[in-house]
1. Find all pairs meeting these conditions: Cβ atoms under 7 angstrom apart; at least six residues apart or on different chains; first residue within segment 50-76 and open to solvent by less than 100 Å² (accessible area, probe 1.4 Å); second residue in a loop (DSSP other than H, G, I, E, B) and at pLDDT 80 or above.
2. Here is a check on your reading of the model: is I20 over 30 Å from Y56 (Cα atoms) and part of a helix (DSSP H, G or I)?
3. From H9, H17, grab the single residue that is at pLDDT below 80 and out of contact with any Cys (no Cβ under 9 Å at 6 or more places or on another chain).
4. Give the residue, chosen from I20, I39, that is open to solvent by less than 100 Å² (accessible area, probe 1.4 Å) and in contact (Cβ under 8 Å) with a residue 12 or more places away in the chain.
5. Restricting to segment 23-36, name every residue that is surrounded by 10 or more Cβ atoms within 10 Å (Cβ to Cβ), closer than 25 Å to T73 by Cα and not aliphatic (A, V, I, L, M).
6. Within segment 7-15, does at least one residue satisfy the condition of being surrounded by 10 or more Cβ atoms within 10 Å (Cβ to Cβ), touching a helix residue (DSSP H, G or I) at 6+ places or on another chain (Cβ under 6 Å) and in contact (Cβ under 8 Å) with a residue 24 or more places away in the chain?
7. What single numbered condition from (1) part of a helix (DSSP H, G or I); (2) under 16 Å from the mean Cα position of the chain (by Cα) fails to hold for S49?
Amino acid sequence: MTLPILPFHPKKVMERHMEIYLEYYRYDSIFVKPSSKFIYDHARSLYNSDLIGTPYQISNKYAVVVESSESATYITPYFQG
(Lines give C-alpha, C1' and ligand atoms only; values in the text may rest on other atoms or scores of the structure.)
Protein backbone atom coordinates (compact mmCIF):
# COMPACT_ATOMS: atom_id res chain seq x y z
CA MET A 1 0.00 0.00 0.00
CA THR A 2 1.15 3.54 -0.65
CA LEU A 3 0.46 6.19 1.95
CA PRO A 4 0.92 9.84 0.98
CA ILE A 5 2.33 12.18 3.61
CA LEU A 6 0.44 15.44 3.70
CA PRO A 7 2.41 18.60 4.52
CA PHE A 8 2.13 19.61 8.16
CA HIS A 9 0.37 16.34 9.06
CA PRO A 10 1.03 15.53 12.74
CA LYS A 11 3.49 12.67 13.25
CA LYS A 12 1.20 10.92 15.76
CA VAL A 13 -1.62 10.85 13.21
CA MET A 14 0.67 9.24 10.61
CA GLU A 15 1.89 6.69 13.15
CA ARG A 16 -1.72 5.82 14.03
CA HIS A 17 -2.61 5.42 10.34
CA MET A 18 0.29 3.02 9.83
CA GLU A 19 -0.60 1.11 12.98
CA ILE A 20 -4.18 0.61 11.74
CA TYR A 21 -3.06 -0.53 8.28
CA LEU A 22 -0.41 -2.91 9.58
CA GLU A 23 -2.27 -4.39 12.56
CA TYR A 24 -5.99 -4.16 11.79
CA TYR A 25 -5.93 -4.60 7.99
CA ARG A 26 -2.76 -6.77 8.12
CA TYR A 27 -0.88 -5.10 5.28
CA ASP A 28 2.59 -6.57 4.77
CA SER A 29 4.21 -3.20 4.12
CA ILE A 30 3.52 0.46 3.55
CA PHE A 31 5.38 2.79 1.19
CA VAL A 32 5.32 6.31 2.65
CA LYS A 33 6.04 9.24 0.35
CA PRO A 34 5.12 12.95 0.28
CA SER A 35 1.91 13.47 -1.69
CA SER A 36 3.50 16.15 -3.89
CA LYS A 37 6.22 13.66 -4.92
CA PHE A 38 3.50 11.21 -6.06
CA ILE A 39 2.02 13.99 -8.22
CA TYR A 40 5.41 15.01 -9.66
CA ASP A 41 6.41 11.42 -10.50
CA HIS A 42 3.01 10.68 -12.05
CA ALA A 43 3.09 13.82 -14.20
CA ARG A 44 6.60 13.04 -15.44
CA SER A 45 5.70 9.45 -16.34
CA LEU A 46 2.37 10.36 -17.93
CA TYR A 47 3.08 13.55 -19.88
CA ASN A 48 6.83 14.02 -20.34
CA SER A 49 7.23 11.74 -23.39
CA ASP A 50 4.68 13.85 -25.32
CA LEU A 51 6.38 17.11 -24.33
CA ILE A 52 10.03 16.30 -25.13
CA GLY A 53 11.50 18.97 -27.39
CA THR A 54 8.85 21.56 -26.50
CA PRO A 55 9.13 24.48 -24.10
CA TYR A 56 6.64 22.66 -21.85
CA GLN A 57 8.83 19.62 -21.13
CA ILE A 58 8.85 18.67 -17.44
CA SER A 59 12.35 19.42 -16.17
CA ASN A 60 14.65 16.91 -14.47
CA LYS A 61 16.38 19.83 -12.70
CA TYR A 62 13.47 21.70 -11.13
CA ALA A 63 9.68 21.76 -10.89
CA VAL A 64 6.89 23.20 -8.78
CA VAL A 65 3.92 21.09 -7.68
CA VAL A 66 0.73 22.91 -6.69
CA GLU A 67 -1.57 20.62 -4.71
CA SER A 68 -4.99 22.07 -3.93
CA SER A 69 -7.90 20.65 -1.97
CA GLU A 70 -11.02 21.93 -0.29
CA SER A 71 -9.20 22.87 2.91
CA ALA A 72 -5.66 23.86 1.86
CA THR A 73 -3.25 24.54 -0.99
CA TYR A 74 0.40 23.43 -0.88
CA ILE A 75 3.16 24.58 -3.21
CA THR A 76 6.25 22.36 -3.23
CA PRO A 77 9.40 23.16 -5.23
CA TYR A 78 11.67 20.32 -6.41
CA PHE A 79 15.35 20.88 -7.21
CA GLN A 80 17.88 18.36 -8.49
CA GLY A 81 20.37 17.20 -5.84
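The values are calculated or read from the model by the stated rules, or taken from the named source; none is laboratory data. These numbers come from a predicted model, not from an experiment. Glycine gets a Cβ as well: all are built from the backbone with ideal geometry, and neighbour counts include every protein chain shown. The area values use the complete protein model at the heavy-atom level, side chains included, leaving out ligands, DNA and RNA. Shrake-Rupley method; radii C 1.70, N 1.55, O 1.52, S 1.80 Å.
1. So the pair list comes out empty.
2. On the way: over 30 Å from Y56 (Cα atoms): yes; part of a helix (DSSP H, G or I): yes.
In short, yes.
3. Working: H17 fails: at pLDDT below 80.
Exactly one of H9, H17 is at pLDDT below 80 and out of contact with any Cys (no Cβ under 9 Å at 6 or more places or on another chain), namely H9.
4. Numbers: I20 fails: in contact (Cβ under 8 Å) with a residue 12 or more places away in the chain.
Testing whether each residue is open to solvent by less than 100 Å² (accessible area, probe 1.4 Å) and in contact (Cβ under 8 Å) with a residue 12 or more places away in the chain leaves just I39.
5. Let us first name the residues in segment 23-36 that are surrounded by 10 or more Cβ atoms within 10 Å (Cβ to Cβ), namely 27, 30, 32-36.
If we keep only those that are closer than 25 Å to T73 by Cα too, we end up with 32-36.
Result: K33, P34, S35, S36.
6. Checked against the condition, which is being surrounded by 10 or more Cβ atoms within 10 Å (Cβ to Cβ), touching a helix residue (DSSP H, G or I) at 6+ places or on another chain (Cβ under 6 Å) and in contact (Cβ under 8 Å) with a residue 24 or more places away in the chain, segment 7-15 yields no hits at all.
7. All conditions pass for S49, except number (2).
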